[in-house]
1. With bins 10 Å wide starting at 0, give me the P(r) of the chain over every alpha carbon pair, in whole percents.
2. For the pair residue 28/residue 162, report the inter-label distance in nm, with labels modelled 7 Å from Cα in the Cβ direction.
3. What FRET efficiency comes out for residue 270 versus residue 141 if R0 is 25 angstrom and r is the Cβ-Cβ distance? Round to the nearest 0.05.
4. Could you sort the peptides 46-54, 84-92, 15-23, 184-192 by per-residue average Cβ neighbour count (10 Å cutoff), highest mean leading?
5. Give me 270, 317 ranked fewest to most by other Cβ atoms within 10 Å of their Cβ, as a rough exposure proxy.
6. Hey, any idea what the orientation-averaged projected area of the convex hull of segment 179-296's Cα atoms comes to, in nm²?
7. Can you pull the one-decimal nm distance between simple spin-label points at residue 169 and residue 108, each 7 Å off the Cα toward Cβ?
8. Assuming 0.36 nm per residue, please report the length gained on full extension of the stretch residue 40 to residue 247 beyond their Cα-Cα distance.
């Protein structure tokens, strides 16, 4: 297998541990250049991670002849633009989640990469993490029998924002596309798509109850997979405690697992509880990166594509549709 030479656009927090090291620690993979608009920060990242080149110009990554594929790790508001530019340059793209600000942007990205005959992958790395593969395997093996429904709940304390503070990008709709729900819960919906297939219909009620910022902070949703499995969830980011859990209900038992924390998976069946303590690797993107490297070498397939990620974007749009219309 040949070594895939990566260029990275954006080297902020997510690239520090979660993703960046995975590109130079995965087999047959090398991170040869990084870019950030703040050149001093790009240089600092390159020095600390042993990357040979850095730049403050994205074209130095996109147009480089010694870069085989590009990882886009910028804020959501620039994912579409950078992806289209990479497609025009004939570069395969691995873009962070959420894939785009809205589903329509995802469609543009898919079409541009298809027309340029370059692959497009999205950073829903839970599709390759051992902990989540165990959940999928338990479902597929019939551990809880035929699945009836999925229930998700998350409560979190509101961020402390004082006058004069810059709004965190994750709750600035102009940068992230929404609030904590839009930016984070897409991971849950994408993984459920991975296990149960596409969601056929979704609806939601969202509001901002804390008044601390404009984006949604409280969401209730119901949805149905094409397979007939039903789901619902409640997410509140202005609560008095931190809690997050998903529950898959079957005819013979239940599975409980967390999207955000490496808590043990719990299988509850016949009044007995069995736990599966499976931790996450140091660099959570690395297993998915390895599937991309294998695919580029004709040896495998990455499970997180632009097409699958766009389905998740559609679900998020449907759940937030009324809230966004009222907030416009």
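Derivation of every value follows stated rules applied to the coordinates shown; laboratory data play no part. Source: prediction; values computed, not measured. Here the Cβ is made from the backbone with ideal geometry for all residues, glycine too, and neighbour counts use every protein chain on show.
1. In whole percents, the pair-distance histogram is 6, 25, 33, 25, 10, 1, 0.
2. 5.3
3. Details: r = 16 Å, r/R0 = 0.64.
Efficiency, rounded to the nearest 0.05: 0.95.
4. 184-192, 15-23, 84-92, 46-54
5. On the way: 270 6, 317 19.
By the 10 Å Cβ count, ascending, the order reads 270, 317.
6. Values: hull surface 40.6 nm².
The number I arrive at for segment 179-296 is 10.1 nm².
7. That separation, rounded to one decimal, is 1.9 nm.
8. On the way: separation 207, 0.36 × 207 = 74.52 nm, distance 4.51 nm.
Gain in length upon complete extension: 70.0 nm.
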